[in-house]
Ligand SMILES: O=C(O)CCC(=O)C(=O)O
């Protein structure tokens, strides 16, 4: 991925370590407006998953379209221009609340699957899964290397309320076999992010998160962007050109 326009130490860290934290990316008033839009949405249906352990909204911008004008600040446009000088599309948007005291933990993994519109017989693509929400596939590593995940934090987040743990540099090892993951995790670090902060992450970065031992929620908007067009016969299921 080109990061020439995203200058300075943040760009260097993102390229070398596969993640970076940008505190103060959204002002407190922006965070309040984003939370208000989520809380006042009367949404229900299969894209909404509510339990004691997690509240998640898939296809977030389709479910709550009023969020995009709030998210698309000059700072976001500048960041995306730095990450993707030739333009990009939003390919996935999810909201996750890990509520206070949640037992939801996420084991070490890489984000290897992308959401697409249909199955297609294409070299390098597979395995495929079909769920109620649609088709997903593991694409070639080159496609994943062209995706950037932006996690917008709406609460102060640290090790006690489910901050992501990551293995710096693990994105440079391609797809890590399950049996090899334990060899990487002694080098893990916790990514604390303040409310209004943004965590940038590459999908091939090994990451995990713990249960919450805090009385604070951990609300995050997880947005994935990509510049790569998929081969003929396949399209990003949630693709939104910017
Ligand atoms: O938000 C979390 O704690 C984990 C999310 C995650 O691992 C993912 O979206 O791949």
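Readers should treat all values here as calculations from the given coordinates under stated rules, not as data from a laboratory. Nothing here was measured: the structure is a model prediction, and the numbers come from that model. Glycine gets a Cβ as well: all are built from the backbone with ideal geometry, and neighbour counts include every protein chain shown.
Tell me the relative contact order for the chain as a rounded percent, counting alpha carbon contacts under 8 Å between residues six or more apart. Present the calculation step by step, with values, prior to reporting the outcome.
Values: 530 pairs, mean separation 76.8, N = 242.
About 32 percent, as a whole number.
Quick check on the exposure proxy: order 17, 133 from fewest to most C-beta atoms within 10 angstrom. If you can, show how the numbers build up before the last one.
Numbers: 17 19, 133 13.
The most exposed by this proxy come first: 133, 17.
Would you mind pulling out the separation of the Cα centroids of region 8-24 and region 113-167, in Å?
20
Only counting other Cβ atoms within 10 Å, I'd like 173, 153 sorted with the fewest neighbours first.
On the way: 173 15, 153 25.
The fewest-first ordering by Cβ neighbours comes to 173, 153.
May I have the convex hull volume per residue, in Å³, for the Cα set of the chain? Mind showing how you got there, number by number?
Numbers: hull volume 30.3 nm³, N = 242.
With only Cα atoms used, the chain gives 125 Å³ per residue.
Run the numbers on region 138-231 and let me know its relative contact order in percent, using alpha-carbon pairs under 8 Å that are six or more apart. List each step's numbers first, then the result.
Numbers: 173 pairs, mean separation 47.1, N = 94.
It comes to 50 percent, rounded to a whole number.
So what's the gap between the Cα centers of region 185-242 and region 65-85, to the nearest angstrom?
15
Which of 113, 198, 221 moves the most in a Gaussian network model of the chain with Cα springs under 10 Å?
Its mean-square fluctuation being the largest, the pick is 113.
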